[in-house]
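First the structure, which I've put down as structure tokens, then a few questions once you've had a look.
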Amino acid sequence: MLISPPFLPPTIGPTDNDWIDAAMPGGLPGQGGYPVSYGLGWHGGIHLTAPSADQPVRAIADGTVLYVRKPSAKPDPVPKEHPLNYGAGWTNDGCVVIRHETEIGANTQNEPTKVTFYSITMHLSSIHANAKTGQAIYRKDKIGMAGEIYGGPNQIHFEIICDNDNLPLLVGRKEGKVNIATHGRTDAVYGEMYFRLRPGTRIYGGPKPADNVTKLNAATHPVVHTLCEPLYIGIRYAAGDGAQGNRGDAYVTTYDIDGMQIGTAITEPDAEYNLYTRATNISAAYTADNACPEAVPAPSAVYELLRFGRILGPDALNPANTPHWRSIAYEGGEGWVNLNADDVKKFSDADFPHWRGWVLIDDSEDLDSRCDSKIIKGWLDQDQDGKVDPNEAVSLLPDPEIQARMRRTICMLPTEWEQATVAHRWSWLKEETEENPAPLSDEDFMNLREHIETLAFWEDANIGLSTTHWHFHPREFVKQFRGCGWLSEKTFRRIYPNATAANVTRYRLDLNKCCRKYQISVPTRMGHFFGQAAVESAQLRYMSELFNGDPFNYFRHYAKAKNFAGWLGNVEWDDGGRFRGRGFKQMTGRENYSNYWLYRGWLNQSAFATRWWRNPGWWGIAGNTVPPSQSSTLPIQNADSIAALVAAMRPPIIDQPDVIATDTFSCIDTAGWFWAKNKLIETADQNDAAEMTRKIRGDGAEVGISLPWPNDAHYPDRLAHTQRIIVLIGNQS
């Protein structure tokens with residue numbers, strides 16, 4: 001899901017959340033807060049103030065406009081009895097409702113997790129031409145200008161809702177809390193990863209455990225603490241967010257069962273940039289210490305273990321108990337714990353975990369707009385007498401801790417925009433109770449009723465949604481799903497407008513999986529990844545290097561004797577064609593193929609030597625080196641000589657190299673592997689298209705600076721695609 005705020009001011013603050021707060025100011029208690037007013041009336045959205053008077057209101061995600069109501073003209077002078085002149089002043093009634101249909105992941109059968117939600121923007125003073133009933137609309141498209149709410153200028157009421165069917169798709173469940181007896185959902189995984197440690201879990205002291213240790217030495221790693229209560233360990237990778245210099249960090253946070261943080265979050269500098277190195281080191285440790293090659297975990301699987309805490313891709317973790325050591329905080333200190341122990345359950349932000357405050361509240365039974373939720377009233381019942389009077393609400397609602405709880409409530413409520421039910425939903429305001437000591441008179445209630453009925457639109461909108469539905473705090477919803485990053489088919493069509501529909505359909509799920517695994521998740525990273533590949537693959541058109549005639553003859557020049565210096569690792573007559581460019585990144589050469597085969601666990605390091613190309617005999621050259629004058633010599637073809645060289649030099653034997661062009665996951669994953677291996681997300685975080693191009697192509701440091709770009713680099717195209725995609729995916733209006 002790509003989502004953004006309804007206002008798009010310039011970037012403010014080092015983090016994305018800082019910018020969201022600046023882009024969506026408002027929603028304070030008593031001033032259009034969510035989910036209740038001071039009088040404990042339900043309020044299904046928040047009132048937002050435009051960051052500046054000239055900021056238009058925009059669609060928060062791609063969708064279809066379901067309903068448009070142009071604002072009523074404001075009379076001059078405004079009659080006192082006008083239904084829109086209620087309270088402190090005029091309220092605009094311009095309204096736009098958009099249905100957003102998108103995706104947030106895919107299940108193990110490669111079926112996308114499709115979700116539908118709705119945004120309601122009320123109190124617009126004007127409607128933009130983009131907003132037409134029945135028409136498609138893109139994220140960031142203008143829909144109108146903020147109007148007045150009770151005389152206050154530049155304000156909107158903003159609401160995000162969904163139906164019963166989409167609630168479990170969006171949040172992972174229909175009711176209650178996350179099921180902690182099993183692992184969390186895998187059809188959507190994003191944001192912070194969580195690990196539930198059961199009581200009795202041991203925390204170890206001492207130095208960092210070796211990467212392949214399953215049982216610690218009590219002398220060097222004594223048990224320093226044993227849990228009496230469950231703990232949740234959160235691992236959040238910065239994923240390109242935050243201040244420059246911290247965009248590759250990881251943060252390990254300990255939470256108790258109520259979500260309270262224990263100790264200080266532990267920062268792991270550059271942990272994200274070093275994931276590939278750590279994964280390969282863990283695998284190499286098994287290679288060195290284990291006599292059973294089949295028990296060496298594939299680096300690809302270890303990478304996912306470190307990234308997600310579990311395996312989401314096709315490469316099994318073997319052995320399954322490969323440890324995942326992290327330093328965590330606990331009451332009294334810090335120590336090491338294995339997050340891949342058998343009894344550790346794993347989750348992510350996609351589970352909307354209750355220990356992070358997410359609560360589902362259903363107050364729909366009586367179909368009125370009075371809050372009867374025991375949960376919310378319990379938070380506000382200061383004297384614990386079972387009631388919440390206005391003084392308690394006014395006292396506690398502004399409290400930051402209470403507001404944090406309110407923002408993470410997901411509430412089943414009747415819409416406040418149905419005209420026929422206004423009298424029923426609000427008639428309780430005429431009743432005197434301890435919670436409502438100043439009831440409305442019949443006249444006051446009639447004025448309120450006429451005001452709400454004038455704003456109501458539900459019967460006219462034909463939304464196709466029950467009048468009772470689930471409401472989210474809009475700012476919190478936007479923040480939550482900004483961490484998702486899963487791209488829809490419609491978005492991919494805009495990223496690669498020249499790609500065929502068939503190719504978008506064929507590759508988009510694996511492109512999403514690749515971006516999720518390798519944290520290519522923010523606009524700059526996606527822009528560089530997809531921008532470079534736009535040239536490499538001609539926008540998904542070519543996943544294998546082009547040739548004329550026979551590929552082995554065409555690419556034979558890739559096997560020249562200059563491979564003796566480690567050019568591509570090609571040493572045999574047909575290696576150029578056998579290991580020609582394939583995949584989304586056009587991976588080329590026997591060495592790159594062997595490294596990727598090792599990464600996936602298709603090849604074991606013990607099966608070949610590391611410098612198999614360092615023998616001039618491959619090219620029939622005597623001596624211990626290849627003179628520059630013979631660097632273009634082609635490999636020998638004598639079968640006996642080749643057999644002797646293979647026996648002596650032990651090059652990697654790679655069967656079915658074409659798999660990285662024909663298997664869609666492997667085809668795309670080669671590009672993610674290349675990015676991880678060469679730490680290209682760090683380059684993307686610096687937003688340096690020239691350096692990115694040099695690293696991908698292998699050009700010298702002077703190319704593009706003191707030397708011109710070669711024509712075959714297509715650098716202007718790479719730069720233009722990168723910049724275009726950053727704008728498309730990013731926050732620029």
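The values are calculated or read from the model by the stated rules, or taken from the named source; none is laboratory data. Because the structure is a prediction, the values reported are computed rather than measured. No Cβ is skipped: glycine too gets one built from the backbone with ideal geometry, and neighbour counts run over all protein chains shown. In case anyone asks, the SASA skips ligands and DNA or RNA and just uses the protein heavy atoms, side chains included. Shrake-Rupley method; radii C 1.70, N 1.55, O 1.52, S 1.80 Å.
Where residues in segment 438-448 are open to solvent by less than 80 Å² (accessible area, probe 1.4 Å) and either touching a Lys or Arg at 6+ places or on another chain (Cβ under 7 Å) or assigned to a helix (DSSP H, G or I) (or both), which of them is nearest to Met122 (Cα to Cα)?
Leu448
Out of all the residues in segment 722-733, which are open to solvent by 40 Å² or more (accessible area, probe 1.4 Å) and at pLDDT 95 or above?
Residues satisfying the conditions are Gln723, Arg724, Val727.
Can you spot a residue in segment 335-346 that is within 18 Å of Leu227 (Cβ to Cβ), polar (S, T, N, Q), without any contact (Cβ under 8 Å) to a residue 40 or more places away in the chain and part of a loop (DSSP other than H, G, I, E, B)?
Checked segment 335-346: at least one residue is within 18 Å of Leu227 (Cβ to Cβ), polar (S, T, N, Q), without any contact (Cβ under 8 Å) to a residue 40 or more places away in the chain and part of a loop (DSSP other than H, G, I, E, B).
Take the residues in segment 222-258 that are outside any strand (DSSP E or B) and open to solvent by less than 20 Å² (accessible area, probe 1.4 Å); name whichever of them is farthest from Thr15 (Cα to Cα).
Looking at residues that are outside any strand (DSSP E or B) and open to solvent by less than 20 Å² (accessible area, probe 1.4 Å), I get Leu227.
For residues in segment 301-335 being open to solvent by 60 Å² or more (accessible area, probe 1.4 Å) and closer than 27 Å to Ala106 by Cβ, which is nearest to the chain's Cα centre (by Cα)?
Pro314
Taking Lys562 and the conditions (1) open to solvent by less than 10 Å² (accessible area, probe 1.4 Å); (2) more than 18 Å from His721 (Cα to Cα); (3) part of a helix (DSSP H, G or I), which numbered condition does it fall short on, given that it satisfies the others?
Going through the list (1) open to solvent by less than 10 Å² (accessible area, probe 1.4 Å); (2) more than 18 Å from His721 (Cα to Cα); (3) part of a helix (DSSP H, G or I), Lys562 breaks only (1).
If you go through segment 178-202, how many residues are without any contact (Cβ under 8 Å) to a residue 60 or more places away in the chain and within 17 Å of Trp325 (Cβ to Cβ)?
0
Tell me, please, whether a residue that is surrounded by fewer than 18 Cβ atoms within 10 Å (Cβ to Cβ) and at negative phi can be found in segment 574-592.
yes
I'd like the full set of residues that are touching a residue at least 40 places away in the same chain (Cβ under 8 Å) and open to solvent by less than 60 Å² (accessible area, probe 1.4 Å), limited to segment 381-392.
Hits for segment 381-392 are Val388, Asp389, Pro390.
Return yes when Asp363 is acidic (Asp, Glu) and open to solvent by less than 50 Å² (accessible area, probe 1.4 Å) and no when it is not.
Answer is yes for this residue.
Rundown of residues vs (1) in a loop (DSSP other than H, G, I, E, B); (2) open to solvent by 60 Å² or more (accessible area, probe 1.4 Å); (3) on the phi < 0 side of the Ramachandran plot; (4) modelled with pLDDT under 95, yes/no style:
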position: Leu540; (1), (2), (3), (4): yes, no, no, no
position: Asn548; (1), (2), (3), (4): yes, yes, yes, yes
position: Leu568; (1), (2), (3), (4): yes, no, yes, no
position: Ser594; (1), (2), (3), (4): no, no, yes, no
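Would you mind telling me which numbered condition in (1) under 21 Å from the mean Cα position of the chain (by Cα); (2) part of a loop (DSSP other than H, G, I, E, B); (3) at positive phi Gly176 fails?
(1)
Now for a different question. Search segment 452-471 for residues being β-branched (Val, Ile, Thr) and not in a strand (DSSP E or B), and hand back the single one that is nearest to Leu413 (Cα to Cα).
Thr467
Which members of segment 636-670 meet the condition of being outside any helix (DSSP H, G or I) and either open to solvent by 40 Å² or more (accessible area, probe 1.4 Å) or small (Gly, Ala, Ser) (or both)?
Within segment 636-670, Gln637, Asn638, Arg650, Ile653, Asp655, Gln656, Asp658, Asp663 meet the criteria.
Check off (1) surrounded by fewer than 20 Cβ atoms within 10 Å (Cβ to Cβ); (2) small (Gly, Ala, Ser); (3) assigned to a loop (DSSP other than H, G, I, E, B) for Gly191 and give me the number that stays unchecked.
(1)
Next up: If you go through segment 386-415 one residue at a time, how many are at pLDDT 95 or above and either part of a loop (DSSP other than H, G, I, E, B) or at positive phi (or both)?
5
With open to solvent by 10 Å² or more (accessible area, probe 1.4 Å), over 18 Å from Phe457 (Cβ atoms), in a loop (DSSP other than H, G, I, E, B) and of a type outside the set (Ser, Thr, Tyr) as the only criterion, which of Pro5, Pro29 stands out?
Of Pro5, Pro29, the one residue that is open to solvent by 10 Å² or more (accessible area, probe 1.4 Å), over 18 Å from Phe457 (Cβ atoms), in a loop (DSSP other than H, G, I, E, B) and of a type outside the set (Ser, Thr, Tyr) is Pro29.
Quick one: is Glu453 under 18 Å from Gly44 (Cα atoms) and open to solvent by 20 Å² or more (accessible area, probe 1.4 Å)?
So Glu453 fits the description; yes.
Within segment 124-167, which residues are part of a strand (DSSP E or B), acidic (Asp, Glu) and open to solvent by 20 Å² or more (accessible area, probe 1.4 Å)?
The answer is Glu148, and nothing else.
Regarding segment 671-690, can at least one residue be identified that is surrounded by 15 or more Cβ atoms within 10 Å (Cβ to Cβ), among the hydrophobic types (A, V, I, L, M, F, W, C), at pLDDT 95 or above and in contact with a His (Cβ under 6 Å, 6 or more places away or on another chain)?
Taking every residue of segment 671-690 in turn, at least one turns out to be surrounded by 15 or more Cβ atoms within 10 Å (Cβ to Cβ), among the hydrophobic types (A, V, I, L, M, F, W, C), at pLDDT 95 or above and in contact with a His (Cβ under 6 Å, 6 or more places away or on another chain).
Going through segment 77-105 one residue at a time, which ones are among the β-branched types (Val, Ile, Thr), touching a residue at least 40 places away in the same chain (Cβ under 8 Å) and in a loop (DSSP other than H, G, I, E, B)?
Answer for segment 77-105, where residues must be among the β-branched types (Val, Ile, Thr), touching a residue at least 40 places away in the same chain (Cβ under 8 Å) and in a loop (DSSP other than H, G, I, E, B): just Thr91.
Which count do you get for residues in segment 608-635 that are touching a residue at least 60 places away in the same chain (Cβ under 8 Å), part of a helix (DSSP H, G or I) and out of contact with any helix residue (DSSP H, G or I) (no Cβ under 6 Å at 6 or more places or on another chain)?
Selection size over segment 608-635: 0.
Being of a type outside the set (S, T, N, Q) and closer than 25 Å to Tyr190 by Cβ is true for just one of Ala73, Ala23, Ala53. Which residue is that?
Ala23
In this structure, is Trp618 among the aromatic types (Phe, Trp, Tyr), at pLDDT 95 or above and surrounded by fewer than 20 Cβ atoms within 10 Å (Cβ to Cβ)?
Taking the combined requirement at face value, the residue does not satisfy it.
Residue by residue through segment 236-264, note down the ones that are within 26 Å of Asn731 (Cβ to Cβ) and either among the hydroxyl-bearing types (Ser, Thr, Tyr) or in contact (Cβ under 8 Å) with a residue 60 or more places away in the chain (or both).
Hits for segment 236-264 are Tyr237, Ala239, Gly240, Asp241, Gly242, Ala243, Gln244, Arg247, Gly248, Tyr251.
Could you run through segment 654-698 and say how many residues are of a type in the set (D, E, K, R), out of contact with any Phe, Trp or Tyr (no Cβ under 6 Å at 6 or more places or on another chain) and in contact (Cβ under 8 Å) with a residue 24 or more places away in the chain?
Within segment 654-698, residues that are of a type in the set (D, E, K, R), out of contact with any Phe, Trp or Tyr (no Cβ under 6 Å at 6 or more places or on another chain) and in contact (Cβ under 8 Å) with a residue 24 or more places away in the chain number 3.
Moving on to the next point. Against the condition farther than 29 Å from Val504 by Cα and among the small types (Gly, Ala, Ser), how does Ala643 come out, does it pass?
Yes; evaluated as a whole, the condition is true for this residue.
If you don't mind, there's one more thing I want to ask. Only residues that are more than 22 Å from Thr467 (Cβ to Cβ) and open to solvent by less than 30 Å² (accessible area, probe 1.4 Å): list them for segment 92-123, please.
Asn92, Thr102, Glu103, Ile104, Gly105, Ala106, Thr113, listed by residue number.
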